Amino acid sequence: MASHIGKLPITIPAGVEVKVDGQTVTAKGPKGTDSYTMPEGISLKIEGNEIQVEAVDDQRQTRANHGLSRSIIASIVKGVHEGFSKHLMIVGTGYRATAKGKGIEFSLGYSHTITVNPPEGIEFEIPNANEVIVKGIDKQAVGQVAANIRKLRAPEPYKGKGIKYSDEHIARKAGKAGK
């Protein structure tokens, strides 16, 4: 019994080249190159423009790795073709982001500014002072950098001030009842 997700084929888009060398899968596309080392018990077949991830044995750990490996390989193929991005919104009076070289300088109500430099393979885009877009080919790295930026000033529930994802809804609380 294999994983239901692992059985699904991955379509290779035009302009993306996928190579398998032992347990290592490498994808090369217009946005860059990324690779993944598959765990033991997982194999890969490339037929035309589709990738089929297969579980070699039927152990529980292999079934779990089957679906996970398929999802990671699909993300790598999508990443080198289209890339990934996370959109962050900065809410609050005086809160803003400005470009500083390749990095970003944040004014978030602290007594000092905070500078964030992008790691390898990540780039920042600042459409205006209250928006930041984190872009890259590695889905996990893009998500982690966006989470680290959000953590600088997480949104608070009373006024909603802070850094939040563009699609995030902040549950608001009622403040103290005034007299």
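The values are calculated or read from the model by the stated rules, or taken from the named source; none is laboratory data. All values reported here derive from a predicted model rather than from experimental measurement. So basically every Cβ, Gly included, is an ideal-geometry build from the backbone, and we count neighbours across all protein chains shown. In case anyone asks, the SASA skips ligands and DNA or RNA and just uses the protein heavy atoms, side chains included. Shrake-Rupley method; radii C 1.70, N 1.55, O 1.52, S 1.80 Å.
Observations
- Test set (1) open to solvent by less than 80 Å² (accessible area, probe 1.4 Å); (2) outside the structural domain of THR113 (by the TED database); (3) within 21 Å of VAL134 (Cβ to Cβ) - TYR95 fails condition number: (2)
- Taken together, GLU125, GLU105, GLU82, GLU156 contain a single residue that is surrounded by fewer than 16 Cβ atoms within 10 Å (Cβ to Cβ) and under 13 Å from the mean Cα position of the chain (by Cα), which is GLU82.
- Considering residues of the range 108-122 that are among the polar types (S, T, N, Q) and part of a loop (DSSP other than H, G, I, E, B) only, the residue least open to solvent (accessible area, probe 1.4 Å): THR113
- All positions within the range 31-51 that are open to solvent by 50 Å² or more (accessible area, probe 1.4 Å) and either among the β-branched types (Val, Ile, Thr) or part of a strand (DSSP E or B) (or both): THR33, SER35, THR37, LYS45, ILE46, GLU47, GLU50
- As a summary of the residue check, LYS28 satisfies the conditions (1) in contact (Cβ under 8 Å) with a residue 60 or more places away in the chain; (2) closer than 18 Å to LYS139 by Cβ; (3) open to solvent by 80 Å² or more (accessible area, probe 1.4 Å) except for the one numbered (1).
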